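Structure record follows, encoded as structure tokens.
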Amino acid sequence: MSDRPKGRMVYSSPPNPIADAAKKHQEQLQRQHQEELAARRQRTYDTMPNRVCYADSAFAGWEPGMPIPRCNRCHGKLHPEEHHNCPGFVPRYDTRGLSHEEKIGMRRAGWDDFDDDQYDETTPDETTQNLRMQHEAETGETYDQVVIEGMDEDEYLMRKFGYIPSFEDFEE
């Protein structure tokens with residue numbers, strides 16, 4: 001018996017240019033197929049409506065007639081049948097070039113802001129508009145309801161649009 005290690009026999013074959021060309025062609029076809037699939041997925045995503053894209057987040061539990069959800073990043077409206085291309089974070093106020101004290105002043109100015117179109121019982125204004133708002137707040141009746149063919153305004157809008165639009169629907 002010999003104590004020498006057993007060797008390994010390696011067979012080498014001459015390069016086959018036809019086989020190498022076939023391998024390169026097959027790799028190119030696979031790469032092209034993957035690119036086509038990626039482009040098809042991207043086209044599908046680019047045309048997918050928001051109610052499908054954001055079904056688990058913004059549109060979870062959403063029904064027609066409810067306020068339209070907004071994007072968490074850019075605060076744009078996510079209309080159900082459109083596709084939202086988010087530009088990313090959009091600051092509400094351009095604070096570039098302002099000092100720290102000016103930014104704090106802007107923030108504090110917003111603390112005392114209130115919604116002017118709501119009835120405020122502490123306001124001593126006795127104008128017609130304020131009295132109308134007080135009447136609406138106390139009774140729920142409005143002066144400007146429209147009756148069309150025996151329907152009130154809410155029923156008409158529900159039949160026409162499938163939901164009741166709010167002022168937020170018309171903001172851009």
Q | Of all accessible heavy-atom area on segment 6-114, the percent that carbon and sulfur account for (1.4 Å) | A | 53 percent
Q: Select from segment 1-108 those chymotrypsin sites (Phe, Trp or Tyr not before Pro) which occupy a DSSP coil region and have at most 11 other Cβ atoms within 10 Å, ordered by residue number.
A: Y11, F89, Y93
Q: For segment 1-88, state which trypsin sites (Lys or Arg not before Pro) are in a DSSP loop and have at most 15 other beta carbons lying within 10 Å of their beta carbon.
A: K6, R8, R73
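Express the C-alpha Rg of segment 1-98 as a ratio against the empirical globular expectation 2.2 N^0.38 Å, rounded to two decimals.
Working: Rg = 28.8 Å, N = 98, 2.2 N^0.38 = 12.6 Å.
After normalising by residue count via 2.2 N^0.38 Å, the value is 2.29.
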Q: Treating cross-link reach as a plain straight distance, find the lysines whose alpha-carbon is under 28 Å from the alpha-carbon of K77, omitting any fewer than eight places away in the same chain.
A: K103, K160
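The values are calculated or read from the model by the stated rules, or taken from the named source; none is laboratory data. Predicted model, so just to flag it, every value in this text is computed and none were measured. All Cβ positions, even for glycine, are placed from backbone atoms using ideal geometry, and neighbour counts span all protein chains on display. Ligands, DNA and RNA are excluded from the accessible area calculation, which covers all protein heavy atoms including side chains. Shrake-Rupley method; radii C 1.70, N 1.55, O 1.52, S 1.80 Å.
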